1. Can you name the number of the only condition in (1) of a type outside the set (D, E, K, R); (2) within 16 Å of ligand 1 (Cβ to nearest atom); (3) under 22 Å from Ile412 (Cα atoms) that Gly512 fails?
2. Could we say that Glu436 is of a type outside the set (A, V, I, L, M, F, W, C), outside any helix (DSSP H, G or I), closer than 27 Å to Ser543 by Cβ and within 14 Å of ligand 2 (Cβ to nearest atom) here?
3. Any idea which residue in region 518-530 is nearest to ligand 3 (Cβ to nearest atom), counting only those that are farther than 16 Å from Ile501 by Cα and crowded, with 18+ Cβ neighbours inside 10 Å?
4. Tell me the residue from Glu515, Glu488, Glu525 that is touching a Ser or Thr at 6+ places or on another chain (Cβ under 6 Å) and either acidic (Asp, Glu) or assigned to a loop (DSSP other than H, G, I, E, B) (or both), please.
5. Which residues, counting only those in region 158-172, are under 47 Å from the mean Cα position of the chain (by Cα) and of a type outside the set (A, V, I, L, M, F, W, C)?
6. Any idea which of Ala197, Ala192 is among the hydrophobic types (A, V, I, L, M, F, W, C), buried (at least 17 other Cβ atoms within 10 Å of the Cβ) and assigned by TED's automatic domain parsing to the domain that holds Ser141?
7. May I ask you to list the residues in region 541-595 that are more than 26 Å from His505 (Cα to Cα), within 16 Å of ligand 3 (Cβ to nearest atom) and of a type in the set (Gly, Ala, Ser)?
8. If Ser650 satisfies every condition in (1) away from ligand 2 (no atom under 16 Å from the Cβ); (2) part of a loop (DSSP other than H, G, I, E, B); (3) over 45 Å from the mean Cα position of the chain (by Cα) but one, which is the exception?
Amino acid sequence: MVDANGYVAVCNQRAIDLLGLPSDLMRSNPSFEAVKRWQMEQGEFGAVTEQLLRAIKYEGINVEILDYERLRPDGTVLEVRTNRLPNGGMVRTFTDITVRKAAENAIRVSEERLRLALQASRMAAWELDLETEWVNRSENSMALMGISSGPSSDFVDRVHAEDRERVTNFRRTVMLEGSGTAEVRYLLPTGAQTWLALRAERKDEKRLIGLSFDIADRKAAESAIWQTANHDPLTGLANRALFQVRLTEALENAETSGSGVGLLLLDLDDFKDVNDTLGHAVGDLLLQEAALRLRSFAMEADTVARLGGDEFAIIVANISATGEAIARASEIVEALHAPFQHEGRALSTTVSIGLAIFPEHHRDSAELMKDADIALYRAKEQGRSQAVVYTSAARETMEHRVTIARDVRAGIAARQFVPFYQPKVSLVTGSIVGFEALARWKHPSMGLLTPAYFGSMFAEQAISLALGEQMIRQVAGDIRSWIDQGLECGRVAVNLSSAEISDPHVASRILGILEEADVPTAHFEVEVTETAFLGRRTATASSILNELHEAGVSIALDDFGTGFASLLHLKQFPVDHIKIDQSFVRNLISDDSDAAIVAAIVSLGHAMRMRITAEGVETTEQAARLREAGCDSAQGYLYAMPLEEARVPSTIRDWPLPI
Ligand code: C2E
Ligand code: CA
Ligand code: CA
């Protein structure tokens, strides 16, 4: 087998022997070209006896087969068959047909030698009279094919129904061109099916003479190679190459029959964690188990494939309604949820699925793949373990995101992102107790942009880390300069994204920056949201927050009350400060239950020795109500908008500003 890059990927010992290849060359991972060059030097291609170049359809998959026969310098004859693989590689099989060639030659020499040769090469000879349709067959025909001389229908009736047309074509070719070949499936009297090759020449206007020989072994070898080339060895599922072929076929069939095709892209959630923590052997088992479960959901006409890593795909053929595909996808999500037992341990995985449907979403296979991919991304983003159907809105969001990502990267490189500072004000004394740094983009043509425009980038690992670091460096520099000017800036908080909180080095990086800028940790705070704690991030987040907390950095829990955090998290993590989300403050005056929630958060937080800040305070009534509830401080447009650095010193000096 030659891979897509032109290197010999597999070459068995039999092939090395047949071709007389030197083993040190084959051990050196040679390119196909290098092997050919060596053979050329040995005079291997001196005589290509019969150049049979033809392209045929092979086993339902479109591969071009280039066949020829080659006379080797030592006199042996090889039949060379080349199957091109859809990925650009190829599989070559070599058969020693010296004996068969000798037999074919012997036909022209003597009857007796012919008889012996036929027997030796499991080959039957025949002569067809086109006027009477009577066939004279050699003696050994009975042993080989279960028929002796008789009408041509004796043979044709035993040929597989789907292959009879090949026999007709074969006869036509021999008559028109003088010679021809064919390969057909043939039913033996024992009931077993075999493969026969037919070769014939036109003797005159009324007669064909030919040979039939058994090629079951070669067909079996070819199908084994086909299996290897098109399937994933770990799970036995179709591989990416076969998947592509099947998808194209399914779409063509649906187009003709007017039905639909559902394309499911699946990705195991957290598979990397299983691999990293329990080892590759367990990871492999999990993949095999997942494959087994996926296969149990597939119908006869469907294709289940492993596209690589922990990525799978299912082509659901012949669906009549979108709902059908959605139902299948939901069932799969459910089924993969159930843990499986491995050495007394329950292993579990969940799966996220992106679903796209032909013809509803796109008709082209590449576009349909992209649709499913976009839907999969959504499924991951919305919390995993679910199936999401493609929408054109999702594609727009995605494309928008790609554009923004490019611009934001350029903006970071050009240092266009700056912190704006919003004061936090004590509800008891009215003085400034700190600031929150909020990212702003000084866009060269669009002006000042807020996270409403670029906030989706906080979810992009690399971008978020780069942006966060730039923010923290500037904030540290600003704090230092305020201290130097003798300004009481209190604690200045920076928001940490989920991406930052999953990076184990973030704590030491922050502490390093503070030290470099000579900023005491008592002036610094990080704000994290509850989602940063959840799921697989818990362990990393916990150690980051502990490291920061122990160094004297305050930890604030942002947007409190909106996420999934439980009281357990407040105990589990070193939280110093709770920020009550805007949504509870907004209706504080009109909605009694919001007021009750705020009161509960305040008393709970105080009992755990945490400070409480209310966000988004816009009216004096809200401020008064929060003060009554015992809330420590507040932040919002009532006091100040986020301000650029240049305005901070005067704001601190002149505080309180007349409201
Ligand atoms: P957040 O951390 O909840 O920040 C508070 C948001 O509320 C800010 O929006 C702020 O401008 C806005 N706000 C302040 N007072 C009021 C008010 O009285 N009424 C109303 N309606 N809104 C008020 P902003 O600056 O657009 O930031 C949005 C979100 O983007 C932030 O929510 C935060 O999650 C994120 N973010 C901002 N800067 C950064 C950053 O540097 N790093 C990270 N990771 N996230 C950031
Ligand atoms: Ca915040
Ligand atoms: Ca907030």
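1. For Gly512, the failing item is (2).
2. Here the answer is yes, as Glu436 does meet what is asked.
3. Going through the qualifying residues, I end up with Phe524.
4. Glu525
5. Selection gives Arg158, His160, Glu162, Asp163, Arg164, Glu165, Arg166, Thr168, Asn169.
6. Ala197
7. Scanning region 541-595 gives Gly561, Ser583.
8. That leaves (2) as the condition not met.
The values are calculated or read from the model by the stated rules, or taken from the named source; none is laboratory data. Just so it is clear, the model here is predicted, and its values are computed rather than measured. Glycine also receives a Cβ, built like all others from the backbone with ideal geometry; neighbour counts cover every protein chain displayed.
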